[in-house]
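Written below as structure tokens is the structure these notes are about.
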2 protein chains.
Amino acid sequence: MSSPSRYLVSAPGKVILFGEHAVVYGKTAIAGSLDGLRTCMLFEKRDDGFLELNLPKLGLQHPLLWPISALPYSKVASVSNGNDSSQGFSFNEELLEALRPIVLEGNAGNKNNQEINELQQVAASVFLYLYTNLEDKQTSWCGTTVHVTSNLPVGAGLGSSAAYSVCLATGLLLVLGHIAIPDYDEKVREFNISDSSSPTNLINRWAFQAEKVIHGTPSGIDNAVATYGGAVSFAKGVMENVIGFQTLRFLLTNTKTPRNTRTLVANYPHIVEPILEAIEGISASFKEIINSGVSQKELNQRIEELIDLNHNLVNSLGVGHPSIDKVREITAQYSLHSKLTGAGGGGCVLTLLRDDVTNDDIMRIKLALTSIGFECFETKIGGHGISVLDASAISKQEFLSSENIQFSGWKHFN
Amino acid sequence: MSSPSRYLVSAPGKVILFGEHAVVYGKTAIAGSLDGLRTCMLFEKRDDGFLELNLPKLGLQHPLLWPISALPYSKVASVSNGNDSSQGFSFNEELLEALRPIVLEGNAGNKNNQEINELQQVAASVFLYLYTNLEDKQTSWCGTTVHVTSNLPVGAGLGSSAAYSVCLATGLLLVLGHIAIPDYDEKVREFNISDSSSPTNLINRWAFQAEKVIHGTPSGIDNAVATYGGAVSFAKGVMENVIGFQTLRFLLTNTKTPRNTRTLVANYPHIVEPILEAIEGISASFKEIINSGVSQKELNQRIEELIDLNHNLVNSLGVGHPSIDKVREITAQYSLHSKLTGAGGGGCVLTLLRDDVTNDDIMRIKLALTSIGFECFETKIGGHGISVLDASAISKQEFLSSENIQFSGWKHFN
């Protein structure tokens, strides 16, 4: 059976449910995947020996184009087939350096003389970095085109770069024959990060390399959430999935106001250290509650208590913001509980949408929030991580014209 | 030299500066005396063998009157001269029981048939309990009249019962010749609670007995603050004065709204325990800052940080209240920082008045707060504890007509 000529891949964004800030000091945080906010990519094989990258959502109106022959293969010591059983791949700084001038050449053919900005250059670097590593010269085709689309806000702390990295790693691993489309469709599977034979772990590890291209020293939690989906517990570099976690409905509000990240950490060690411990206690309580078998109603109530605890504790560290209080105030009028999410930059707020909240109320809340300049997303936390689809039957036009990608038949790795 | 025939005594109220709630779980709290909110008593010797107690501020329009001969002296095993060197006196439950019917007899002579309520009965019990214990039958006079006045709100968590107890203990110890008016006037002295020869410690120990009559199991911090003044650090029954603490100017707002005292303690031990530790850290930081030799400006800024920390941490325990948020909101408009004070019932809020706050701003804040039904007191925390005065030259009318007792020449115990 020949492999498909076109693949669709999709990876979710992430939010920190509990433990932001504390995680920086070695405490446990819980992150979850954003079911409705995803990056999606269409991979098309081509036969002219060129790589093409389309980034319209990053403001690039024309494709970037490179001949495969220009890639610095010599910098890749031994071509990895990706099945290296070692936990961490060592990052190839020399390769990244060699790619810098090549990245810019991808823009040479454009007729508008539009320069590519730093964000676009980084996106292109990730693409070429992964391609150079994963091309093993054994495949019979030559070239690929990638179209990228996303409904994830960039720079809002919602893991857009990780979703991009995971999609690229997955698409290239598929196109270059390292992995194949799996059979699994519905079930969200628990992951064992130490299982080296798992294609999901392979994707996660290459996505982590991609994140290094983007961030230098990423924590690894964003790519883990985008890859595995569900909820991930994370402390001091050690990750595990939150067993038993299904999905929770949230309103995600992007206040678009930079967060105050000045904390009181330095001044008051014997106050702040226990506050960080208390925040870690929230993550632990969340994992306990998820598996305690309580009713949905009680589960929601307990999570609302943890939301308030987390909000007040992070506030006590001095990293609150009036715009977050504003969201809390508006949602509290409908008896809903909100907390900031993420460690800085984005200023996003999560509001738990209990089952008993009416659609009318949600509409009113969204209206109140958008009327003061905030952006709202009704979303679920949890659900599938990386998802793939044989896209042979999906036209490029169909993909590009689909704002909310609603294709069916997604498959999920074990 | 004959002893005075009239004594004036005065004891301050108290507020919790830091650590309310946490102190219930064995953590350190800091309490301070309320310089301008005091209970004052005039003691007059009489020669007709009667005890008279006047409690107009407790709503009692006529005096309570008892013949000394009615007191159950037989219940006092050995008449204590108060100089017992043992730390704690054992409480005389049997005496208290015997006093119950006698208390009511004090009301028998009144012509209005006004019944005495529970609060008035307790106040009378304290008086008779102390008198029976302290009367050693060696003194040449027979009888005393006590006039009580106070500008301390009752039941607002401001230590009004302790100020009452300390005044009564002091006045009776003076009148019955156990102690004499001291020479010290200005300096606030540090106390050594284990020094059994100190008259201040004697007062404190009898006041603690009085507090037992009122509260059953008092913590001892209220009477300590009313006795010693300044600021007192307190944990698990162990008290010490906060060395180096002078006075701090505060606005004290009584919201008159009962506080929500339901905490999350039971549900989340591994979140709440570190929160309590963090609150204890605030008390420790306060003591450090007080003695760090920083400028007044930095001192104020650090205390404001601790105020915010304490507020947010106590809020995270779920014991906040909208009326407290309201005070914070109003004072924040003038860049001032507020926190609740006290563990429940009173709903009082403290706002630090920095030196750079103008009187105009304070007036505006007070106006804003009183216009929504709150009661404001501009006060200092710290300053003298129990103060005494030879009142021979002060007439009873002068005392009773003085709303804010502004006599001079107060003396203070070592």
Query raised in the report: Which residue, B:Thr358, B:Thr170, B:Thr39, has the most motion in a Gaussian network model of chain B that connects Cα atoms within less than 10 Å?
Result: B:Thr358
Report task. Any chance you could give the angle, 0 to 90 degrees and rounded to 10, that helix B:199-215 forms with the longest Cα principal axis of chain B? Result -> 80 degrees
Report summary line: For A:Lys396, B:Lys236, the accessible-area ranking with a 1.4 Å probe, largest leading, is B:Lys236, A:Lys396
Report task. Specify which residue in the list A:Gly385, A:Leu58, A:Leu34 is farthest towards the positive end of the charge dipole of chain A, using unit charges on the beta carbon of Lys, Arg (+1) and Asp, Glu (-1), about the Cα centre. Result -> A:Leu58
Query raised in the report: Peptide B:296-309: average number of partner chain Cβ atoms within 10 Å per residue?
Result: 2
Report summary line: Of A:Arg302, B:Arg364, ordered by accessible area with the largest first and a 1.4 Å probe, the sequence is B:Arg364, A:Arg302
Report summary line: To the nearest 20 debye, region A:195-279 has a Cα-centred charge dipole, built from +1 on Lys and Arg Cβ and -1 on Asp and Glu Cβ, of 340 debye
Requested in this report: Just read off the accessible area of A:Val76 with the full protein assembly in place, 1.4 Å probe, to the nearest 10 Å².
Outcome: 10 Å²
Query raised in the report: Of A:Lys75/A:Lys212; A:Lys326/B:Lys326; B:Lys297/B:Lys380; B:Lys57/B:Lys339, which sit over 19 Å apart, Cα to Cα?
Result: B:Lys57/B:Lys339
Query raised in the report: Between B:Ser408 and B:Val238, what is the label-to-label distance in nm when each label sits 7 Å out along the Cα-to-Cβ direction?
Result: 4.4 nm
Report summary line: Scalar couplings 3J(HN,Hα) for region A:143-160 by Karplus 6.51 cos²θ - 1.76 cosθ + 1.60 (θ = phi - 60°), nearest whole Hz, x for Gly and Pro, are x, 7, 10, 10, 10, 10, 9, 6, 10, 8, x, 8, x, 9, x, 9, x, 5
Query - Axis proximity, chain B to A: residue whose C-beta lies nearest, plus whole-Å distance - result: B:Pro274, 2
Report task. With springs only between Cα atoms under 10 Å apart, run a GNM on chain B and tell me which of B:Lys111, B:Lys75, B:Lys256 wobbles the most. Result -> B:Lys111
Query raised in the report: Protein chains only, probe 1.4 Å: how do B:Trp66, A:Trp410 rank by accessible area, largest first?
Result: A:Trp410, B:Trp66
**Report entry** Other copies of B:Gly237: label-to-label distances in nm, shortest first, labels 7 Å along the beta-carbon direction
**Finding:** 4.9
Query raised in the report: What FRET efficiency, computed as 1/(1 + (r/R0)^6) with R0 = 60 Å and r the Cβ-Cβ distance, is obtained for B:Ser3 and A:Glu378, rounded to the nearest 0.05?
Result: 0.15
Query raised in the report: Farthest toward the dipole's positive end in chain A, which of A:Ser90, A:Asn223, A:Asn204, given Cβ charges of +1 (Lys, Arg) and -1 (Asp, Glu) about the Cα centre?
Result: A:Asn223
Query raised in the report: When each copy gets a label point 7 Å from Cα toward the beta-carbon at A:Ile181, what are the spacings between them in nm, shortest first?
Result: 10.1
Report summary line: Contact order relative to length for chain B, counting C-alpha pairs under 8 Å separated by 6 or more residues, stands in percent at 27 percent
Query raised in the report: What is the average number of partner chain Cβ atoms found within 10 Å of a Cβ in B:278-285?
Result: 5
Query raised in the report: In nanometres, what is the gap between the two model label sites at A:Asp183 and B:Tyr334, each 7 Å from Cα along Cα-to-Cβ?
Result: 7.5 nm
Query raised in the report: Which value, in debye to the nearest 20, gives the size of the charge dipole of the protein assembly as shown about its Cα centre, when Lys and Arg are +1 and Asp and Glu are -1 at the Cβ?
Result: 580 debye
Report summary line: The farthest towards the positive end of the charge dipole of the protein assembly as shown, of the residues B:Val126, A:Asn112, A:Phe413, given +1 on Cβ of Lys and Arg and -1 on Cβ of Asp and Glu, is A:Asn112
Query raised in the report: Considering only protein heavy atoms, what is the solvent-accessible area of A:Tyr184 at a probe of 1.4 Å, reported in Å² to the nearest 10?
Result: 80 Å²
**Report entry** Area accessible to solvent at A:His384, 1.4 Å probe radius, in Å²
**Finding:** 40 Å²
Report task. Run through the other copies and list how far each one's label point is from that of B:Pro269, in nm with one decimal, shortest first; the point sits 7 Å from Cα along Cα-Cβ. Result -> 2.9
Query raised in the report: With charges set only on the Cβ (+1 for Lys and Arg, -1 for Asp and Glu), what does the dipole of region A:248-381 come to about its Cα centre, in debye to the nearest 20?
Result: 400 debye
Query raised in the report: Please state the relative contact order of region A:293-373 as a whole percent: Cα pairs under 8 Å, 6+ residues apart?
Result: 24 percent
Query - Residue among A:Asn254, A:Asn241, A:Asn315 with the largest mean-square fluctuation in a Gaussian network model of chain A, springs linking Cα atoms under 10 Å - result: A:Asn315
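The values are calculated or read from the model by the stated rules, or taken from the named source; none is laboratory data. Because the structure is predicted, anything quoted here is derived from the model rather than measured. Virtual Cβ from ideal backbone geometry, glycine too; neighbours counted across all protein chains shown. The accessibility values were calculated without ligands, DNA or RNA, using every heavy atom of the protein model including side chains. Shrake-Rupley method; radii C 1.70, N 1.55, O 1.52, S 1.80 Å.
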